[in-house]
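Each value in this text was obtained by applying a stated rule to the coordinates, not by laboratory testing. Keep in mind the model is a prediction, meaning the values are calculated, not measured. Heads up, the Cβs are rebuilt from the backbone with ideal geometry, glycines too, and the neighbour counts pull from every protein chain shown.
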Amino acid sequence: MKKSFLVLALAALAAVGARAELSLESVSWQRARVEKLRAVSWEDADRLIDGPPKLDTRLRARLTLKNRGPAPAEGILLRYSMTGRVAPLAGEKPESVWGVPFMVDEKRVPKIGPNKTQDVYLAISPALELYLAKLARAGWWLDRVRLQVMIEPHLGAVSVQALESALEVSK
């Protein structure tokens, strides 16, 4: 009886220690030229140079997700939102104001192996293009875009993993 209890206790302890340890390592921005309605040649971007009334490039975010644990991580859910800092196009330039999120979405990552890093791409251009078109018609534009990303809390997680990144938009 004592041996079986000890074996079960050690197995339970090993299972707890063998869980995945996920972390968001970094967030970066990428843009691509658009040719014949398709994005070509993605490149890293530190600012968005397109101006009103619309974007001439596509934009996406690249997340680096790492599993530091000895077991694979499965069924990962990333939640993210986009917020813009709004400024008028004409007239005096008052201070820009951060608005409320114009997009909230999620991305599922099926599996990351033990001690592996995986890049995950978030397609944000469709929602951003729609929002910018509405702003331009109203005489406004963004001077910054902020992305906030988190790993959805799950059973066994010891903390909430979240990252934030902002991209400057030039007029």
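At R0 = 25 Å, how high is the FRET efficiency between A157 and W98 if r is their beta carbon distance? Nearest 0.05 is fine. Please list the in-between numbers first.
Details: r = 29 Å, r/R0 = 1.15.
So, using R0 = 25 Å, E works out to roughly 0.30.
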Non-local residues with an amide H under 5 Å from the amide H of A45, with H modelled 1.01 Å from N and Pro and chain starts lacking one, are W29, Q30, R31
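Give, in nm to one decimal, the length gained when the segment between E168 and S26 is fully stretched (0.36 nm per residue of separation minus the Cα-Cα distance).
On the way: separation 142, 0.36 × 142 = 51.12 nm, distance 1.76 nm.
Contour length minus Cα-Cα distance gives 49.4 nm.
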Exposure proxy check on E21, E152: fewest-to-most Cβ neighbours within 10 Å is E152, E21
Taking Cα pairs closer than 8 Å and at least 6 residues apart, the relative contact order of the stretch 20-169 in percent is 29 percent
Residues meeting the amide H criterion for G69 (H placed from the backbone, H to H distance under 5 Å, 5 or more places apart or on another chain) are E21, N115
